[in-house]
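The values are calculated or read from the model by the stated rules, or taken from the named source; none is laboratory data. Quantities reported herein were computed from a predicted structural model and do not represent experimental measurements. Virtual Cβ from ideal backbone geometry, glycine too; neighbours counted across all protein chains shown. Calculation scope for accessible area: heavy atoms of the full protein, side chains included, ligands and nucleic acids excluded. Shrake-Rupley method; radii C 1.70, N 1.55, O 1.52, S 1.80 Å.
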Amino acid sequence: VLNGDWKVEQRKTDRGIEHIVQLRDMDTMELDDDTPSWVDPWASVLFSEHASWREVADWGRQLFAGIVDAGPGVREIAAKIEHDNPTRAIKIVRALKFVQDEIRYVGIELGENSHQAVAAETTLKRRYGDCKDKTTLMISLLGTMGIKSYPALVNTDEMGTLAGRIPSKNAFNHVIVAVPHADSTYWLDPTRQHQAANLNEIYQPNYELALLLDDSSADLTPMNARVLASGYDVNEHYTIDGDNPDLVELTVDTQYYGYSAETQTRRLQRKGLDQLKADYLEFYQGYYPAIEQLEVSAAAVDEQQSRFKLREEYRIRDFWEIEEDNQRKLGWIYSNAVNSALDIPDKIQRSQDYALD
């Protein structure tokens, strides 16, 4: 029972055990805006078929038994990776990149496919799969090269609050790959894209707790994922010409890194540069209606560390306002990058956690 001290009555019947919860005149409860995903203030009761996380781990291992295989297609890809990449770290990255880039993410999670992955060789032939299928294929590629790795069940929303939940197979909504390497565990997600080519620079969200499906897992494992920098640096440069004060040029140089670089690269591939240019022009028109876009260029500048650079050039007409009282000219410069991360919550007096950007 969560968030309450009420009881669940149990009564034996001819059909089995009946569980009864009776609550009356409950107070209304509302969720504050902008709360983190793991905030769950409502009273609830959880049921499970399992008495421990060890039982859940045993169940999970059976899902992957027999489908992590080294068929001819898997062996061919693994042999090429081994031939082209001399070090263990590079082999791990190349196996990850192959599954991320060459296997399209498609989830058809009906019936037993909600939990059961398909064999690695099948996913390789289909060239599509969900997180379970991609994990199985990556583990198969690594295993063929003599590199041990394991599935790791995680919850991308509840994260560390799993520690207070009842052991259950339904506690997880995602699976990633755990790779022991150089006295550390690397948590890698085959469903992501556009990640760094350097193993130590690959960004992975820290879901705090995972159920590792290795040979002996009996409890949730702290991920202890390395915290890699993620974000972007913005330099907005305004050029004001004294000879032509009604004409102001604006150059915006932005460098994204970590998760932000992945997101921006994916956005460029999905939308294309023309649509990206239109989006940025529309953004700045909200501040300067008479702005004119001169040029926008984008490029991945560092594959090893996942860096993405964007340059924008604009010309602003009617930048200046005239103050009638004292005849001064007034121009506005907005701290857009900072403001976007500092939204003021609608509700100041809160009873629940506030999610920071």
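From the backbone phi of the range 173-178, what are the Karplus-calculated ³J(HN,Hα) couplings (6.51 cos²θ - 1.76 cosθ + 1.60, θ = phi - 60°) in whole Hz, Gly and Pro given as x?
Calculated HN-Hα couplings, in order: 10, 7, 9, 10, 10, 9 Hz.
Which value in nm describes the separation of the simple spin-label points at Arg75 and Trp38, placed 7 Å from the Cα toward the beta carbon?
In this crude label model, Arg75 to Trp38 measures out at 4.5 nm.
Kindly provide the GluC sites (Glu not before Pro) of the range 2-60 that DSSP labels as loop, not H, G, I, E or B, and whose Cβ sees at most 10 other Cβ atoms within 10 Å.
The qualifying sites are Glu30.
Glu9 to Leu46: FRET efficiency via 1/(1 + (r/R0)^6), r the Cβ-Cβ distance, R0 22 Å, to the nearest 0.05?
It comes to 0.85.
How much of the DSSP bridge set in the chain is antiparallel, in percent, rounded to the nearest 5?
Beta bridges within the chain, antiparallel portion: roughly 95 percent.
What's the extension gain from Asp219 to Tyr287 if we count 0.36 nm per residue and subtract their Cα-Cα distance? List each step's numbers first, then the result.
Details: separation 68, 0.36 × 68 = 24.48 nm, distance 5.30 nm.
Answer, rounded to one decimal: 19.2 nm.
Taking only protein heavy atoms into account and a 1.4 Å probe, give the accessible area per residue of the range 1-137 in Å².
On a per-residue basis, the range 1-137 sits at 64 Å².
With the full set of protein chains in place, find how many percent of the accessible area of the range 1-129 is carbon and sulfur; take the probe as 1.4 Å.
Looking at the range 1-129 in its full context, I get 48 percent from C and S.
Considering only protein heavy atoms and a probe of 1.4 Å, how much of the accessible area of the range 252-316 is carbon and sulfur, as a whole percent?
Working: 1500 of 3400 Å².
Its accessible area is 44 percent carbon and sulfur atoms.
Among Asp130, Asp325, Asp101, which one shows the highest mean-square fluctuation when the chain is modelled as a Gaussian network with alpha-carbon springs under 10 Å?
Asp325
In square angstrom, what is the accessible area per residue of the range 142-220 with a 1.4 angstrom probe?
37 Å²
Comparing Ile103, Ile81, Ile344, which has the greatest mean-square fluctuation in the GNM of the chain with Cα pairs linked when under 10 Å apart?
With Cα springs under 10 Å in the chain, the top fluctuation among Ile103, Ile81, Ile344 is at Ile344.
Report the FRET efficiency, 1/(1 + (r/R0)^6), for Asp302 and Ile108, where r is their Cβ-Cβ distance and R0 is 51 Å, rounded to 0.05. Working shown, then result.
Working: r = 36 Å, r/R0 = 0.71.
In this case the efficiency is close to 0.90.
So if R0 is 30 Å, what FRET efficiency would Arg328 and Asp243 give, r being the distance between their Cβ atoms, rounded to the nearest 0.05?
It comes out at approximately 0.95.
At 0.36 nm per residue, minus the direct Cα-Cα distance, what do Asn200 and Asp27 gain on full extension? Give it in nm, one decimal, please.
Stretched out fully, the Asn200 to Asp27 stretch lengthens by 57.3 nm.
Quick one: angle between helix 53-64 and the longest Cα principal axis of the chain, in degrees between 0 and 90, rounded to 10, please.
Long axis of 53-64 versus the principal axis of the chain: about 80 degrees.
Evaluate 2.2 N^0.38 Å with N set to the residue count of the chain, then give the Cα radius of gyration divided by it. Numbers along the way, then the final one.
Numbers: Rg = 26.4 Å, N = 357, 2.2 N^0.38 = 20.5 Å.
Against the compact-globule rule of thumb, the ratio is 1.28.
Projecting each Cα onto the charge dipole of the chain (Lys/Arg +1, Asp/Glu -1 at the beta carbon, about the Cα centre), which of Phe172, Trp332, Leu310 comes out farthest on the positive side?
Of the listed residues, the answer is Phe172.
Can you tell me the dipole magnitude for the range 174-290 around its Cα centre, using point charges on the Cβ only (Lys, Arg +1; Asp, Glu -1), in Debye to the nearest 20?
The calculated dipole for the range 174-290 is roughly 460 debye.
Under 20 Å from the Cα of Lys169, which lysines turn up, not counting those fewer than eight places away in the same chain?
Hits, sequence-local ones excluded: Lys132, Lys134.
Calculated from DSSP H runs of 4 or more alone, at -39500 (n - 2.57) each and per residue, what is the 222 nm mean residue ellipticity of the chain, nearest 500?
-8000 deg cm²/dmol
Which distance in nm do the two modelled labels at Arg317 and Arg350 give, with both placed 7 Å along the Cα-to-Cβ direction?
4.5 nm
Counting other Cβ atoms within 10 Å, keep those with at most 13, restrict to DSSP loop, and tell me which trypsin sites (Lys or Arg not before Pro) in the range 1-71 are left.
Values: sites: Lys7, Arg11, Lys12, Arg15, Arg24, Arg54, Arg61; in loops: Lys7, Arg15, Arg24.
For trypsin sites (Lys or Arg not before Pro) across the range 1-71 that sit outside H, G, I, E and B with at most 13 neighbouring Cβ atoms in 10 Å, the list reads Lys7, Arg15, Arg24.
Count the net charge of all other residues whose Cβ sits under 12 Å from the Cβ of Lys271, scoring Lys and Arg as +1 and Asp and Glu as -1. If you can, show how the numbers build up before the last one.
Working: positive: Arg266, Arg267, Arg270, Lys277; negative: Asp274, Asp279.
It works out to a net charge of +2.
In the range 311-357, which chymotrypsin sites (Phe, Trp or Tyr not before Pro) are in a loop and have at most 14 other Cβ atoms within 10 Å, using DSSP for the loop call? Let's see the in-between values first.
Values: sites: Tyr314, Phe319, Trp320, Trp332, Tyr334, Tyr354; in loops: Phe319, Trp320, Trp332, Tyr334, Tyr354.
For chymotrypsin sites (Phe, Trp or Tyr not before Pro) across the range 311-357 that sit outside H, G, I, E and B with at most 14 neighbouring Cβ atoms in 10 Å, the list reads Trp332, Tyr334, Tyr354.
Contour minus end-to-end for Asn85 and Ala229, with contour as 0.36 nm per residue of separation and end-to-end as the Cα-Cα distance? List each step's numbers first, then the result.
Values: separation 144, 0.36 × 144 = 51.84 nm, distance 2.69 nm.
Separation in residues times 0.36 nm, less the Cα-Cα distance, equals 49.2 nm.
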